[in-house]
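What follows draws every value from the coordinates through simple rules; no lab data is involved. Nothing here was measured: the structure is a model prediction, and the numbers come from that model. Cβ atoms come from the backbone with ideal geometry, glycine included; neighbour counts cover every protein chain shown.
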Amino acid sequence: MSNDLADIGLIGLAVMGQNLILNMNDKGFKVCAFNRTVSKVDHFLANEAKGTNIIGAHSIEELVSKLKRPRRIVLLVKAGQAVDDFIKLLEPHLEKGDIIIDGGNSHFPDTTRRVKECEDKGLLYIGMGVSGGEEGARNGPSLMPGGSAAAWPHVQEIFQKTSAQVNGEPCCEWIGDGGSGHYVKMVHNGIEYGDMQLIAEAYDILKRGLGLSTDEIAEIFARWEQGVLKSFLIEITRDILHFKDTDGEPIVDKILDKAGQKGTGKWTAIDALDRGMPVTLIGEAVFARCLSAIKDERVAASKVIKGPAHEPFQGDKKQFVDDLEQALYASKIISYAQGFILMRQAAIDENWDLNNASIAAVWRSGCIIKSVFLSDITDSYRKNPKLESLLFAPFFQQAIEKAQPAWRRVNAQATLWGVPIPAHGTALSFFDGYRSAVVPANLIQAQRDFFGAHTFRVMPGKENDHMKSGEDIHVKWTATSGDVSSSTYNA
Ligand SMILES: *[C@@H]1O[C@H](CO)[C@@H](O)[C@H](O)[C@H]1NC(C)=O
Ligand SMILES: *[C@@H]1O[C@H](CO)[C@@H](O)[C@H](O)[C@H]1NC(C)=O
């Protein structure tokens, strides 16, 4: 009988769950399916799973009894309470060393907590980021498992065979302890927000700036799809722009300009603020969606607030489009550099050993941000795993150096036109700040000390007998300002 046992169980037969089961079945694994509404199980076995090796269960006990040991059970249920509920339902039926895998979009602190709670009970727990949507789940997603390291050898083969592949390498690697798998998935989604906003701004520049038609813009994206920007998002943008409604008009021109969001971009931006990391591009991408959402207010403002008079573009349009490709590329490099800076800090704060190259490698295919660009990031981190940031990688330094004049021309032109470029603008400003040994924070510090006696430190090389290195200095800026620093009277 025991060879009739399944390799893995999966709970939650919504589209993602069904597709992941079918994918694991295709890769030669025997899967047992369960859904709380058990009629779903029978329906699945009689339809989508017909003629496969997939088996079903009508209760948690039956599911557990049909699995090889250590038992491996994937949860693909709604993030939040449902995950905790299923862990509770499973626990009494599981044995030491059995493994629960949450493949949903859980917030990483929940996963960190669940790993600990399960390990305290002798179970193993994995929080696994799954990206690629329905298509990815069916044909090969990008998988980001993290949690109980002891569980990895028991799930490695299944997940690495189930994931997307690039040059024979799986888009699935062990990420690290605690909620690190879901954390990396969250940053992935934040970067996705950034990529989408950068592309939307480029489209706007071509449309409102250069005044091109939707078909002309589609052709430009088709060309970019052949170059350094080659990626899933550029490819679908090309297809979207080509797509016509029944009356022959591009459907994109009929879509209401109010962007929705489900929260993972916001989580990334909040996390960056909490950690004090300058992940400005994702922040701007989230805020751009917020601005899009206040449509009525924008419509009212558009009637009363004037921008610059539109000057038809006098330069070489072909050259400008090439510049825009370089600008998009440079801004994208900044966004990924910021994302990795955030993960660098999270690794320190949470005590995770995040492998930079592996993270880039698992994003190369299967997921929404998949691109050739991610192979270049993988190569850079493989050459130097401790790279301070992507902007220190020779490959990206050369790329930005080459793109820089075009990048500045595009930002300047968009600004003159009055076409909003929150993401491109912040990317260039971040770049200029990052490469500045001296920024104007000296003045901020002086202001803080002036009005709040917050003190400051002396610039190296400018020390004297009343301003010494390593000391908190307070200046009596006016006749009435006190001698006491705020830290003194706060104490
Ligand atoms: C059961 O399946 C339905 C979709 O068919 C899904 O919406 C639901 O979340 C599933 N429930 C669980 C917890 O298994
Ligand atoms: C990843 O890169 C950061 C610097 O960006 C470095 O501190 C860290 O050690 C690297 N991680 C690993 C596992 O090499």
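In the chain, the longest principal axis of the Cα atoms and the axis of helix 152-162 are about 90 degrees apart. In order along region 286-292, phi translates into HN-Hα couplings of 5, 5, 4, 5, 5, 5, 4 Hz, rounded to whole numbers, per the Karplus curve 6.51 cos²θ - 1.76 cosθ + 1.60 with θ = phi - 60° and x for Gly and Pro. The antiparallel fraction among DSSP beta bridges confined to the chain stands at about 40%.
Taking Cα atoms only, the orientation of helix 373-383 departs from the longest principal axis of the chain by about 90 degrees.
Cα centroid separation, region 315-369 to region 1-41: 35 Å. In the chain, the DSSP-assigned H stretches of four residues or longer account for a calculated mean residue ellipticity at 222 nm of -16500 deg cm²/dmol, using -39500 (n - 2.57) per stretch and the full residue count as denominator. Each peptide in 182-193, 154-165 gets a packing score, the mean of other Cβ atoms within 10 Å over its residues, and the list from highest to lowest is 182-193, 154-165.
Residues whose amide H comes within less than 5 Å of that of S231, counting only those at least five positions distant or on another chain, are absent (H built at 1.01 Å from N in the peptide plane). Only Cα sites of region 69-135 enter the Debye sum here, all with the same form factor; the resulting log10 I(q)/I(0) across q = 0.14 1/Å is -0.37, listed in q order.
In straight-distance terms, cross-link reach from K50 covers every one of the lysines whose alpha-carbon lies under 17 Å from its own, apart from those fewer than eight places away in the same chain; here that gives K27, K30, K40. Number of Lys-Lys pairs in region 183-270 with C-alpha atoms under 19 Å apart and a separation of 8 or more places or on different chains: 7. Computed over the Cα atoms of region 250-339, the ratio of the radius of gyration to the Kirkwood radius (Rg/Rh) comes to 1.05.
Less than 5 angstrom separates the built amide H of I101 from those of I73, V74, L75, I126, all sequence-distant by 5 or more or on a different chain. Pairs of Cα atoms in region 422-491 fall into 5 Å distance bins, from 0 up to the last occupied one, in shares of 3, 14, 18, 20, 15, 10, 9, 7, 3, 0 percent. The convex hull defined by the C-alpha atoms of region 306-411 has an orientation-averaged projected area of 9.5 nm².
Largest first, the three principal axis extents of the alpha carbons in region 1-107 are 34, 29, 24 Å in whole numbers.
One compactness figure for region 172-244 is 1.42, namely its Cα radius of gyration divided by 2.2 N^0.38 Å. A Cβ-based charge dipole, computed about the Cα centre of region 251-327 with Lys and Arg at +1 and Asp and Glu at -1, lands at about 400 debye. Computed from Cα atoms alone, the Kirkwood hydrodynamic radius reported for region 370-474 is 17.5 Å. May I ask for the angle, rounded to the nearest 10°, between helix 394-417 and the longest principal axis of the chain, with both axes built from Cα atoms and the value confined to 0 to 90°? Taking the Cα atoms of the chain, the angle to 394-417 is about 60 degrees. The equivalent ellipsoid that matches the C-alpha gyration tensor of region 296-336 spans semi-axes of 29, 20, 6 angstrom, in descending order. Shape class for region 356-403, computed from the alpha carbon gyration tensor (a ≥ b ≥ c): oblate, with a/c not under 1.5 and a/b at or below b/c. Normalised Debye scattering of the chain at q = 0.06, 0.07, 0.10, 0.13 Å⁻¹ gives log10 I(q)/I(0) of -0.35, -0.47, -0.88, -1.22, counting only Cα atoms as equal scatterers and leaving out solvent. By the beta-carbon count within 10 Å of each Cβ, the least crowded to most crowded order of K462, K295, fewest first, is K462, K295.
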